[in-house]
Amino acid sequence: MCMDTSQMATALSKIMRGNVFTGEPLATYTTMKIGGPACILAVPADIVALQNALRFAAENGLAAYLLGGGSNLLVWDSGVEGLVLRLGEAFLRLDFQGNRVVAGAAVPLPRLVAESIHRGLEGLEALVGIPGTVGGALAMNAGPREADIGSCVHRVKVIGPDLSEGVLSREELSFGYRSSAFQARALIAVEAEIELQEADPAELRARAGTFIEHRRRTQPLEHPSAGSIFKNPPGDAAGRLIDLAGLKGLRRGDAVVSEKHANFIVNLRRARAEDVLNLMIEMHARVLKQFSVSLEPEIKIWGYDETDSLPWATSCQGENPRGVLDGENSDKGGDPASRLG
Ligand code: EPU
């Protein structure tokens with residue numbers, strides 16, 4: 001239950017430039033098409049508005065969550081208590097100058113990738129077909145290991161946990177496999193300066209086509225999903241292990257372990273977050289039993305109160321002392337800038 005939601009929303013709209021909604025269903029904002037309402041959903045129009053919203057959340061004891069493209073996210077069926085933020089118009093800048101591009105955190109990643117290829121700029125073509133926003137892609141360091149977005153970053157304008165603005169270089173952002181300082185240090189990306197190399201657009205299109213073809217052939221793009229559920233363990237592939245454990249086709253409600261790729265859970269129609277989580281727990285347990293590998297989720301879970309009791313919770317500890325993207329560390333207060341996505 002959301003207490004005093006409408007008063008909070010009214011108060012927020014007075015101090016923040018942008019739109020404020022109450023009870024907005026989050027299922028429509030996630031690629032999995034699952035999830036209850038956000039108590040308050042705010043769309044700060046610019047950086048100052050975002051800072052004001054985060055300050056408001058801290059002062060009012062509201063957990064804050066930053067929503068990107070909703071592609072790596074499982075929102076609990078009862079929704080999310082607290083303040084969900086979606087970056088507004090000032091974060092949509094896309095500005096090419098020579099072989100550099102400044103991309104706002106809310107720019108859809110497919111738009112950045114397509115535009116770069118079109119202009120004959122090499123570096124992002126392996127990210128073709130990945131949904132989400134530039135901010136979410138930076139936080140998760142999206143892309144195949146050898147060609148992730150982090151490798152192309154020159155520097156990023158960020159907001160820190162103390163709400164101050166700063167600019168960090170690629171080195172300072174510590175990009176790793178599905179990890180970055182955005183998660184580890186609870187930073188919010190505002191806009192990224194990305195450095196690409198000049199190349200033949202036809203060649204880039206051909207390379208992008210190969211990546212798209214691989215995804216179409218190997219991933220269940222025809223159904224709503226959150227992409228890969230678990231991170232690949234070092235030296236192996238989560239999909240391979242889940243497949244070998246015989247879990248393809250395992251079903252809970254309308255949530256099913258994909259027959260096409262075992263590290264995807266697809267929503268056949270009306271899957272609930274609880275169905276998805278039950279499948280994840282079973283996948284984790286069966287792979288642990290058969291291969292002694294403790295899979296770590298790639299997706300973030302919002303609105304679920306008992307994150308600490310999940311079987312992978314201990315192996316994820318220490319990754320981030322302050323809180324991580326998309327509320328992985330549950331929504332028990334803490335730093336308002338700690339839940340990004
Ligand atoms: N495999 C199986 N059975 C399956 C699925 C995969 O045996 O059901 C085997 C494949 O045969 C292959 C290996 O597992 O030998 C790896 O499979 P794949 O090439 O599909 O790549 P992946 O490691 O499962 C990663 C990323 C994807 C990204 C592809 C690009 C992770 C967790 N996943 O998948 O990213 O699209 O590479 O090739 O790093 C995402 O992060 O959401 C995502 C979709």
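Details
- Pairs meeting the criteria (first residue in the stretch 111-137 and over 18 Å from HIS154 (Cα atoms) and modelled with pLDDT under 95, second residue away from the ligand (no atom under 16 Å from the Cβ) and not in a helix (DSSP H, G or I), beta carbons under 7 Å, at least 6 apart or on different chains) are lacking.
- Of the strands (runs of 3 or more DSSP E) contained entirely in the stretch 247-341, those carrying at least 1 residues that are under 30 Å from GLY160 (Cβ atoms), modelled with pLDDT of 95 or more and not aromatic (Phe, Trp, Tyr) fall at 300-302.
- Matching residues, the stretch 9-19, being touching a residue at least 60 places away in the same chain (Cβ under 8 Å) and surrounded by 16 or more Cβ atoms within 10 Å (Cβ to Cβ): LEU12, GLY18
- Subset of the stretch 75-105 that is in a strand (DSSP E or B) and basic (Lys, Arg) - its residue that is surrounded by the fewest Cβ atoms within 10 Å (Cβ to Cβ): ARG100
- Given (1) within 16 Å of the ligand (Cβ to nearest atom); (2) more than 30 Å from ARG207 (Cα to Cα); (3) part of a loop (DSSP other than H, G, I, E, B); (4) not hydroxyl-bearing (Ser, Thr, Tyr), index of the condition MET32 fails: (2)
- Set GLU282, GLU296: member being more than 9 Å from the ligand (Cβ to nearest atom), closer than 27 Å to GLY68 by Cα and acidic (Asp, Glu): GLU296
- Assessment of the stretch 180-188 against the conditions (under 19 Å from ARG93 (Cα atoms), at pLDDT 95 or above and either of a type in the set (A, V, I, L, M, F, W, C) or surrounded by 14 or more Cβ atoms within 10 Å (Cβ to Cβ) (or both)) yields at least one matching residue.
- Restricting attention to the stretch 193-238, the residues that are assigned to a helix (DSSP H, G or I) and closer than 30 Å to HIS284 by Cα add up to 9.
- Close pairs from the stretch 233-253: first of a type in the set (D, E, K, R), partner assigned to a helix (DSSP H, G or I), Cβ under 7 Å, at least 6 apart: ARG252/ASP275; ARG252/ASN278; ARG252/LEU279
- From the options THR22, THR5, THR30, residue that is β-branched (Val, Ile, Thr), closer than 27 Å to ARG270 by Cβ and free of Cβ contacts under 8 Å to residues at least 24 places away in the same chain: THR22
- In the stretch 142-168, the residues that are surrounded by fewer than 18 Cβ atoms within 10 Å (Cβ to Cβ), closer than 23 Å to ASN232 by Cα and modelled with pLDDT of 95 or more: SER151
- Residue selected from the stretch 240-260 under the condition over 23 Å from THR307 (Cα atoms) and either under 20 Å from the mean Cα position of the chain (by Cα) or among the acidic types (Asp, Glu) (or both), by the criterion surrounded by the most Cβ atoms within 10 Å (Cβ to Cβ): ASP243
- Just so you know, in the stretch 182-231 the residues that are of a type in the set (A, V, I, L, M, F, W, C) and over 24 Å from the mean Cα position of the chain (by Cα) include one that is farthest from the ligand (Cβ to nearest atom), and it is ALA202.
- Within the stretch 198-211, considering residues that are in contact with a strand residue (DSSP E or B) (Cβ under 7 Å, 6 or more places away or on another chain) and more than 20 Å from VAL107 (Cβ to Cβ), the one surrounded by the fewest Cβ atoms within 10 Å (Cβ to Cβ): GLU198
- Residue match in the stretch 172-181 (condition: within 16 Å of the chain's Cα centre (by Cα) and more than 16 Å from the ligand (Cβ to nearest atom)): yes
- For GLY150, the conditions (1) closer than 18 Å to ILE47 by Cα; (2) of a type outside the set (Ser, Thr, Tyr); (3) away from the ligand (no atom under 12 Å from the Cβ) all hold with the exception of (1).
- Residues (more than 15 Å from LYS231 (Cα to Cα) and either in contact with a His (Cβ under 9 Å, 6 or more places away or on another chain) or in contact (Cβ under 8 Å) with a residue 40 or more places away in the chain (or both)) located in the stretch 138-148: LEU138
- Every test in (1) under 30 Å from LEU12 (Cα atoms); (2) in contact (Cβ under 8 Å) with a residue 24 or more places away in the chain; (3) touching a strand residue (DSSP E or B) at 6+ places or on another chain (Cβ under 7 Å) is passed by LEU92 save one, and that test is (2).
The values are calculated or read from the model by the stated rules, or taken from the named source; none is laboratory data. Values in this document were obtained by computation on a predicted structure and should not be read as measured data. Methodologically, a virtual Cβ is constructed for each residue, glycine included, from the backbone with ideal geometry; neighbour enumeration extends over all protein chains shown.
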